[in-house]
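Peer 1: Structure in structure tokens, see below.
No lab work stands behind these numbers, since they all come straight from the coordinates. As the structure is a prediction and not an experimental result, all values here were calculated from the model. Ideal geometry is used to build each Cβ from the backbone, glycine not excepted, and the neighbour counts take in all protein chains shown.
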Amino acid sequence: MKTDDDLAGTDRLLQAYLDGRLSPVEQDRFAADLAADPALARRADQHLKVQAALRRHFDDELDEPIPPALLAAAHGLGRTRPRDWQWRHAAAILLAAALGVAGGWLLHGQRQSSAVATQWVHAAAIAHAAYTPEVRHPVEVGADDQAHLVAWLSKRLGSPLTVPNLTRHQFRLVGGRLLPDSVGVAAQFMYEGSGGQRMTLYVRRDPSRADTAFRFTAERDLSVFYWVDRGFGYALSGQLPREAMLAIADTVYRELNP
């Protein structure tokens with residue numbers, strides 16, 4: 001069984017491989033390990049998605065003028081002004097450090113005034129990306145034990161939950177799981193369409209209790225509709241066109257508010 005140190009070492013080696021920092025022999029050896037280890041290959045794919053999302057999301061920010069205060073502080077470190085690419089690189093490091101891995105999944109689209117207010121939406125997108133590819137263990141409790149699933153998640157979130165019925169959209173419930181959240185825990189319900197595509201509904205308590213209308217954000221082919229209603233935040237994630245996702249989100253809302 002691998003220890004935490006082993007996993008950390010594997011992650012460092014994986015990152016070095018993806019960055020092209022290994023020797024040619026080490027690159028080839030690690031590529032062979034990827035081909036032989038599906039779990040490691042999935043981790044590599046997730047790393048690549050995070051890196052790509054970081055680059056896409058922060059392109060605009062990196063093109064913005066450098067704040068005068070930062071320029072003044074930097075000028076005190078040396079006589080010459082660094083080249084633009086050095087500033088861009090430094091800004092990217094600062095942003096990545098501030099946001100961490102979760103920040104890599106910041107989604108394009110409409111933004112709330114505070115980044116803190118939408119961290120849970122990012123968490124919902126990450127959870128969707130992490131669990132929908134799973135074949136054997138996509139959920140903790142399957143739909144065949146729905147009563148137990150709902151009772152368990154309702155108890156953990158401290159309020160009765162309802163599982164929306166999406167059969168009118170050709171999606172059946174696969175099951176659900178418990179997830180960590182910044183305010184405690186969250187529930188994730190997973191659905192599967194007739195073509196095998198999967199959709200998730202992330203539910204968490206929202207301490208702001210500030211109800212919102214539907215909001216939409218997208219990253220490549222992942223669409224997310226999210227809203228806050230009566231003390232709960234909901235994020236519906238799926239790889240469907242915006243119009244289709246909106247129709248399903250409307251059904252979810254109506255199921256939750258009969």
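Peer 1: Once phi is turned into θ = phi - 60°, what whole-Hz ³J(HN,Hα) does the Karplus curve with 6.51, -1.76 and 1.60 give for every residue of region 137-154, x standing for Gly and Pro?
Peer 2: 9, x, 9, 8, 10, x, 5, 5, 10, 4, 4, 5, 4, 5, 5, 5, 5, 4
Peer 1: Net charge near THR200: determine it from the other residues with C-beta under 11 Å of the C-beta of THR200, scoring Lys and Arg +1 and Asp and Glu -1.
Peer 2: +1
Peer 1: Please label the shape of region 148-247 as rounded, prolate or oblate, based on the square roots a ≥ b ≥ c of the eigenvalues of the alpha-carbon gyration tensor (a/c under 1.5 means rounded; beyond that, a/b larger than b/c means prolate, else oblate).
Peer 2: Oblate, because a/c is 1.5 or more while a/b does not exceed b/c.
Peer 1: Using a/c under 1.5 as the rounded threshold, could you call region 120-179 rounded, prolate or oblate? The axes a ≥ b ≥ c are square roots of the C-alpha gyration tensor eigenvalues, and prolate needs a/b larger than b/c, oblate otherwise.
Peer 2: Taking the square roots of the gyration eigenvalues as a ≥ b ≥ c, region 120-179 is rounded.
Peer 1: I've got another one for you. Where nothing but the Cβ of Lys and Arg (+1) and of Asp and Glu (-1) is charged, how large is the charge dipole of region 109-256 around its Cα centre, in debye to the nearest 20?
Peer 2: The dipole of region 109-256 has a size of about 220 debye.
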